[in-house]
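Novice: One structure, as structure tokens, below. Some questions next.
Just so it is clear, none of the values below were taken in a lab; they were calculated from the coordinates. Since the model is a prediction, treat every value here as computed from it, not as a measurement. All Cβ positions, glycine included, derive from the backbone under ideal geometry; neighbour counts span all protein chains shown.
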Amino acid sequence: MSPIELQHLPVLPRKRDYGIGICGAGGIVNDAHLPAYRKAGFNVMGVFDARREAAERTAARFEIPRVYDSLDQLLADRRVDVVDIAVPATENLKIVETVAAAGKPMLIQKPLAEDDETARRTVAAIDRHGVLAAVNQQMRWEPGVRATMDLISRGLLGELFSIAFLVFVDTPWHMWPWLMQKSTVDVLYHSIHYLDAIRFLTGLEPASVFCDGTTLPGYTTNGETRLCLHLMYGDSQMRATILTNHHASCGLEGQQSEFRVEGVEGAAIRKMGLLMNYPKGVPDGFRFTSRRLGDRRWVNVEFGETWIPDAFVGPMASLMRAMSGEIERPETDVHDNLKTLRLVFAAYESMRTRSVVPVKA
């Protein structure tokens, strides 16, 4: 048992019955968004997908009352207060422009865009119409991340000096053949989660980045599936490292999936069981220690929730809280997300130039 109660769950909005219109009926919607929304008691009004049969299957599975024939029909439904966009990133700009023009708040699946220019055009379209918009960077609400932030907020870890994500797993990339054709794989579609979580936990913006990415010898992909990414913070002693190898194929015994957050007063370690034996996963783990609790022993904590689907409650809950005026902006507001994306794009520049790259403001 933990000597303190750790806050590891999202803060739910006072008003939960906003009508949600879903744009996209792919795997992430069926496996994460909708199971999470069902748990939270959110009100899904209808779903649209360019493949109507996919939308119909999703509607039947989750007892969603309406399948829309088009995005325009979804936006014309007065019962829809907020739009959840979960489509390929290459489609985001066009859909966001239409949703913003209709005056609807929106949650946009990550990544917001695959390049900096498109990301900024997308945010500009949102700003022109003055609507609330957030990005589904849901790892901020992964229970271990949230619990670690609670420890940091209470001062139990002290000044942070190191964060490390160590991921050696056997990722079944064949599940996403479209992704393997891209020249940007791990950083943009996987480690972007870690970059965003690091920004959240530290409250700092890195000054420079070094990144080296490659893949497995003879592996068929156009992008990186192994990564060494290092974040530096100017004169600060803080450092953050992401080390991934998605080809650890010698069995679970040889795999590792964790992040470590260390401060001068304590440390927290999270085992991310989801990534091992994906998508089934293995049990998570969380342990921490703190000098300020008067005992140097490690404390193990079990959570009833895990990354998928439970963390997906967080971004929508935060957006709804902003819609109702409980907070000024959603936590993963699109402007904040541009700061995560600039780390992504700096990492790719570092890979290209094989050098340390300053992070552009």
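Novice: For the residue pair Ala124 and Glu349, what label-to-label distance in nm results when each label sits 7 Å from Cα along the Cα-to-beta-carbon direction?
Specialist: Each label point lies 7 Å from its Cα, and together they span 1.9 nm.
Novice: Distance from the Cα centre of segment 106-153 to that of segment 187-217, in angstrom?
Specialist: Segment 106-153 and segment 187-217 have Cα centres separated by 15 Å.
Novice: Here is a follow-up. Based on the alpha carbons, how large is the Rg to Rh ratio for segment 218-286 when Rh follows Kirkwood? Please list the in-between numbers first.
Specialist: Numbers: Rg = 15.1 Å, Rh = 14.4 Å.
That ratio is 1.04, to two decimals.
Novice: Next up: GNM on the chain, C-alpha springs below 10 Å: top fluctuator among Glu262, Glu205, Glu91?
Specialist: Sorting by GNM fluctuation, first place goes to Glu91.
Novice: Still on this structure: Once you have the Kirkwood Rh of segment 1-103 from its Cα pairs, apply Stokes-Einstein at 37 °C and 0.692 mPa s and quote D in µm²/s. Intermediate values should be presented prior to the final figure.
Specialist: Working: Rh = 14.6 Å.
For these conditions, the coefficient is 224 µm²/s.
Novice: Still on this structure, please answer the following. Please arrange Arg154, Arg329 by how many other C-beta atoms lie within 10 Å of their C-beta, fewest to most.
Specialist: On the way: Arg154 13, Arg329 16.
Result, fewest neighbours first: Arg154, Arg329.
Novice: Rg/Rh for the chain to two decimals, with Rh computed the Kirkwood way over all alpha-carbon pairs.
Specialist: Numbers: Rg = 20.2 Å, Rh = 21.1 Å.
In the chain, Rg relative to Rh is 0.96.
Novice: For each of His335, His246, His33, count neighbouring Cβ atoms within 10 Å of the residue's Cβ, then give the residues from fewest to most. Before the final figure, lay out the partial values.
Specialist: Details: His335 13, His246 25, His33 30.
Ranked by crowding around the Cβ, least crowded first: His335, His246, His33.
Novice: HN-Hα J couplings of segment 15-22 from phi, Karplus 6.51/-1.76/1.60, θ = phi - 60°, integer Hz, Gly and Pro as x?
Specialist: Rounded to whole hertz, the list is 9, 10, 9, 4, x, 9, x, 9.
Novice: Less than 9 Å Cβ to Cβ from Ser324, Lys/Arg counted +1 and Asp/Glu -1: what total charge do the surrounding residues give? Please list the in-between numbers first.
Specialist: Values: positive: Arg14, Lys15, Arg321; negative: Glu326.
Result for the local shell: +2.
Novice: Assuming 0.36 nm per residue, please report the length gained on full extension of the stretch Asn43 to Gln7 beyond their Cα-Cα distance.
Specialist: Result: 10.5 nm gained on full extension.
Novice: 5 Å is the cut-off here: which amide hydrogens, built 1.01 Å from N in the peptide plane, fall below it relative to Asn136, excluding neighbours closer than 5 in sequence?
Specialist: Ile108, Gln109, Lys110
Novice: Largest first and in whole Å, what are the equivalent-ellipsoid semi-axes of segment 66-216 based on the Cα gyration tensor, each being the root of 5 times an eigenvalue? Walk me through the numbers on the way to the answer.
Specialist: Numbers: eigenvalues 194, 92, 48 Å².
Sorted largest first and rounded, they come to 31, 21, 15 Å.
Novice: Let me ask something else about it. Please give every one of the aspartates and glutamates within straight-line cross-link reach of Lys94, meaning a C-alpha to C-alpha distance under 17 Å, and leave out same-chain neighbours fewer than 8 residues apart.
Specialist: Qualifying aspartates and glutamates at Cα under 17 Å: Asp49, Asp72, Asp84, Glu114, Asp115, Asp116, Glu117, Asp127.
Novice: Provide the net charge surrounding Asn30, with neighbours chosen by a C-beta distance below 15 Å and charges set as Lys +1, Arg +1, Asp -1, Glu -1.
Specialist: Details: positive: Arg38, Lys39, Arg51, Arg57, Arg61; negative: Asp31, Asp49, Glu53, Glu56, Glu63, Asp84.
Residues near Asn30 contribute -1 overall.
Novice: A further question on this structure: Run down the lysines and flag those whose C-alpha is under 29 Å from the C-alpha of Lys39, throwing out any fewer than 8 positions away in its chain.
Specialist: Within the straight-line cut-off, Lys39 pairs with Lys15, Lys104, Lys110, Lys271, Lys280.
Novice: Using every Cα-Cα pair within segment 182-261, state what percent have a distance larger than 22 Å.
Specialist: I get 31 percent for the Cα pairs in segment 182-261 exceeding 22 Å.
Novice: Expressed as a fraction of 2.2 N^0.38 Å, the rule-of-thumb size for a compact globular protein of N residues, what is the C-alpha radius of gyration of segment 279-345? Working shown, then result.
Specialist: Values: Rg = 17.3 Å, N = 67, 2.2 N^0.38 = 10.9 Å.
This ratio for segment 279-345 stands at 1.59.
Novice: Note the full-extension length gain between Lys182 and Asp212 as 0.36 nm times their separation in residues minus their Cα-Cα distance, in nm to one decimal.
Specialist: On the way: separation 30, 0.36 × 30 = 10.80 nm, distance 1.71 nm.
Fully extending the segment from Lys182 to Asp212 adds 9.1 nm.
Novice: Counting pairwise Cα distances across segment 113-202, what percent come out greater than 21 angstrom?
Specialist: Numbers: 2036 of 4005 pairs.
Value for segment 113-202 (Cα pairs over 21 Å): 51 percent.
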